[in-house]
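Each reported figure results from applying straightforward, stated rules to the coordinates on display, with no laboratory input. Note that the structure is a prediction, hence the values are computed from the model and not measured. Using ideal geometry, Cβ is built from the backbone for each residue, glycine included, and neighbour counts are taken over all protein chains shown.
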Amino acid sequence: MLPKSPSESLTVLTDLVLPSETNPLNNLFGGELLARMDRASSITAQRHSRRIAVTASVNHVAFNRPIPLGSVVTIEAKVSRSFKSSMEIYLDVWIEDRKTGNRSKANEAIYTFVAVDDNGKPVEVAPIIPETELEKERFDAALRRKQLSLVLAGKMNPHDATELKALFS
Ligand SMILES: CC(C)(COP(=O)(O)OP(=O)(O)OC[C@H]1O[C@@H](n2cnc3c(N)ncnc32)[C@H](O)[C@@H]1OP(=O)(O)O)[C@@H](O)C(=O)NCCC(=O)NCCS
């Protein structure tokens with residue numbers, strides 16, 4: 001299978017924060033942002049694999065900054081690394097200043113999707129070749145994140161998580 005670059009799977013979702021999507025402090029409800037990021041990740045995973053892709057895991061979400069009612073929110077999602085059938089999707093969330101148009105980073109998240117056939121069975125996906133410095137950094141760290149996710153899910157023996165263990169030695 002021919003390798004692809006992360007930019008080939010780029011998905012950009014821009015949307016407003018409406019009153020029905022906020023918490024009592026008038027900031028975007030966390031679950032609403034999770035759903036939007038899941039949608040962006042799903043499109044990204046399908047663009048990379050050209051297959052049906054399902055959410056296997058939400059590996060990391062940091063709600064660093066509240067996103068106020070009325071904000072214009074842009075989610076950018078790319079495949080940061082692919083393995084056999086799974087793909088790590090890295091998401092950056094931006095808020096746009098209404099007056100200046102300047103963007104500032106609000107959140108980051110990492111999801112894992114798995115490409116499947118029509119019966120839901122995992123199928124192989126194309127490898128990734130990172131191009132930019134940031135893409136290379138995210139690619140390099142993705143294996144230990146996968147190992148951590150599998151260990152926490154009880155699907156990998158911690159003794160076999162060599163990349164992860166190397167962090168602590
Ligand atoms: C995700 C799913 C397809 C994996 O199927 P499976 O039979 O466990 O298949 P495998 O064990 O071979 O795993 C397939 C891949 O997923 C990866 N994977 C599975 N669970 C994972 C987890 N928690 N974190 C990271 N990767 C995971 C495996 O490492 C493997 O990756 P690889 O092929 O790149 O090496 C299956 O569990 C599933 O269908 N889950 C439900 C998905 C869904 O409905 N999502 C929406 C939730 S509402």
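Check segment 116-124 and report whether any residue there is part of a strand (DSSP E or B), touching a strand residue (DSSP E or B) at 6+ places or on another chain (Cβ under 9 Å) and surrounded by fewer than 21 Cβ atoms within 10 Å (Cβ to Cβ). Scanning segment 116-124 turns up at least one residue that is part of a strand (DSSP E or B), touching a strand residue (DSSP E or B) at 6+ places or on another chain (Cβ under 9 Å) and surrounded by fewer than 21 Cβ atoms within 10 Å (Cβ to Cβ).
Please go through segment 75-99 and give me each residue that is within 22 Å of MET1 (Cβ to Cβ) and part of a loop (DSSP other than H, G, I, E, B), ordered by number. If the condition is that a residue be within 22 Å of MET1 (Cβ to Cβ) and part of a loop (DSSP other than H, G, I, E, B), then PHE83, LYS84, SER85 are the ones that fit.
Note on segment 125-157: among residues that are among the charged types (D, E, K, R) and within 8 Å of the ligand (Cβ to nearest atom), the one that is surrounded by the most Cβ atoms within 10 Å (Cβ to Cβ) is LYS146. Per the conditions (1) more than 9 Å from the ligand (Cβ to nearest atom); (2) farther than 20 Å from LEU91 by Cβ; (3) free of Cβ contacts under 8 Å to residues at least 12 places away in the same chain, the sole criterion not satisfied by GLU163 is (3). Scan segment 100-109 and give yes if some residue there is within 18 Å of ARG39 (Cα to Cα), of a type outside the set (A, V, I, L, M, F, W, C) and assigned to a strand (DSSP E or B), otherwise no. Yes.
Residue-by-condition table, conditions (1) of a type in the set (A, V, I, L, M); (2) more than 21 Å from ALA40 (Cβ to Cβ); (3) touching a residue at least 40 places away in the same chain (Cβ under 8 Å):
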{"residue": "VAL72", "(1), (2), (3)": "yes, no, yes"}
{"residue": "VAL79", "(1), (2), (3)": "yes, no, yes"}
{"residue": "TRP94", "(1), (2), (3)": "no, no, no"}
{"residue": "ALA115", "(1), (2), (3)": "yes, no, yes"}
{"residue": "PRO122", "(1), (2), (3)": "no, yes, no"}
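Taken as a whole, the condition of being surrounded by 22 or more Cβ atoms within 10 Å (Cβ to Cβ) and either more than 11 Å from the ligand (Cβ to nearest atom) or of a type in the set (Phe, Trp, Tyr) (or both) applies to HIS48. Which of the residues belonging to segment 36-71 are charged (D, E, K, R), within 16 Å of VAL125 (Cβ to Cβ) and out of contact with any helix residue (DSSP H, G or I) (no Cβ under 9 Å at 6 or more places or on another chain)? Scanning segment 36-71 gives a single hit, ARG50.
Summed over segment 5-22, residues that are touching a residue at least 60 places away in the same chain (Cβ under 8 Å), touching a Pro at 6+ places or on another chain (Cβ under 9 Å) and either among the aromatic types (Phe, Trp, Tyr) or not in a loop (DSSP other than H, G, I, E, B) (or both) total 1.
Under the condition of being over 12 Å from the mean Cα position of the chain (by Cα), surrounded by fewer than 16 Cβ atoms within 10 Å (Cβ to Cβ) and either within 18 Å of THR55 (Cβ to Cβ) or not acidic (Asp, Glu) (or both), the residues counted in segment 75-115 number 9.
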